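The values are calculated or read from the model by the stated rules, or taken from the named source; none is laboratory data. Since we're looking at a predicted model, the values are computed, not measured. Glycine also receives a Cβ, built like all others from the backbone with ideal geometry; neighbour counts cover every protein chain displayed. Surface areas here come from the heavy atoms of the whole protein model, side chains and all, with no ligands, DNA or RNA. Shrake-Rupley method; radii C 1.70, N 1.55, O 1.52, S 1.80 Å.
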Amino acid sequence: MRDSQSYGDGLAVVTVTYSPGELLERFLETLPKATDRQVRVVLADNGSTDGVPERAAQRPGVELARMAGNLGYGSAANRGIAELGEEFGWVVVANPDVEWTAGSLDELLAATERWPRGGAFGPLIRQPDGSVYPSARALPSLGRGAGHALLGGVWPENPFTRAYRRSTESTSERTAGWLSGSCLLLRRAALDSVTGFDPRYFMYFEDVDLGDRLARAGWLNVYVPEAEVVHIGGHAACRASARMLAEHHRSAYRYLADRYSGPALAPLRLALRAALGARARLTVRAAERQR
């Protein structure tokens, strides 16, 4: 682990690509208005076949880092960050379907001065219809998680979901249990202290896990609503593939199993695995009916 003083003040953006289509162009076109600083961009490509990352890498300041196959989100982000020199002490990890608003990265960087123990900083994330996505949430627990899983689809405003999403709180700058990985400014020294994203998560929950581990290491996850981005991809469950839905539930189990470990809790883990497996099957069937 490097000492925090060994990193410079440079800013880099790492985005994980997998045949991103025209959305990547919009990502890169809107990025210059997000900050007055010079930014280096690394495209951590998980095996795109549409040729878009290759064309994007012809832009000044954009580099293509090809992965050996589809490594998943967290692993590819780790590899992309590893391409950066020590002059880059600030790294943004963002989805390629993000659109940047004016000054959004500068607002996040300004917040780092107010929160010297901040390890991760997340903006307010709007969806294409203008609604705010609850991107700064409490860490999942068995009680909140079970209530949210059982009731969230039929009663969106149930108390478990509200507590998990923290949706009743004002949009003021504050700490959170975790921040959405669709757009994160990370203090590289903090990321080093927890050895980056956990590569066991192929997709989903890698951001929840990271937020928890940063907090355990003494860092803060800071929500900065003065910074705004638009997430075009949208978290639309009805469009999710069967594999994505299965991965979501698999990652949820991994997260909870890590936190409820040990021989004495083996029955609980078995019950969690069975319940999440059943819910995954029901969710996949429901999504298939909507197609």
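Numbers for the structure displayed
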{"read-out": "Contacts under 9 angstrom Cβ, first residue in region 180-192 being farther than 18 Å from PHE27 by Cβ, partner among the acidic types (Asp, Glu) and surrounded by fewer than 24 Cβ atoms within 10 Å (Cβ to Cβ), 6 or more apart", "value": "ARG188/GLU86; ALA189/ASP3"}
{"read-out": "Complete set of residues in region 113-143 that are surrounded by fewer than 17 Cβ atoms within 10 Å (Cβ to Cβ), of a type in the set (S, T, N, Q) and either in contact (Cβ under 8 Å) with a residue 24 or more places away in the chain or not in a loop (DSSP other than H, G, I, E, B) (or both)", "value": "GLN127"}
{"read-out": "Conditions (1) under 21 Å from ALA44 (Cβ atoms); (2) touching a Pro at 6+ places or on another chain (Cβ under 8 Å); (3) not charged (D, E, K, R): number failed by LEU124", "value": "(1)"}
{"read-out": "Subset of region 209-229 [assigned to a helix (DSSP H, G or I) and over 12 Å from LEU184 (Cβ atoms)]", "value": "ASP209, ASP212, ARG213, ALA215, ARG216"}
{"read-out": "Single residue of region 83-111 satisfying the filter (out of contact with any Cys (no Cβ under 6 Å at 6 or more places or on another chain), open to solvent by less than 10 Å² (accessible area, probe 1.4 Å) and β-branched (Val, Ile, Thr)) that is farthest from THR15 (Cα to Cα)", "value": "VAL91"}
{"read-out": "GLU54 vs. criteria of a type outside the set (A, V, I, L, M) and either at pLDDT below 95 or farther than 19 Å from CYS183 by Cα (or both)", "value": "yes"}
{"read-out": "Selection within region 80-111 - among the hydrophobic types (A, V, I, L, M, F, W, C) and within 24 Å of LEU64 (Cβ to Cβ)", "value": "ILE81, ALA82, LEU84, PHE88, TRP90, VAL91, VAL92, VAL93, ALA94, VAL98, TRP100, LEU105"}
{"read-out": "Long-range neighbours under 8 Å by Cβ, at least six apart or interchain, first residue of a type in the set (S, T, N, Q) within region 95-110, second part of a loop (DSSP other than H, G, I, E, B) and surrounded by fewer than 24 Cβ atoms within 10 Å (Cβ to Cβ)", "value": "ASN95/SER182; ASN95/GLY233; SER104/THR35"}
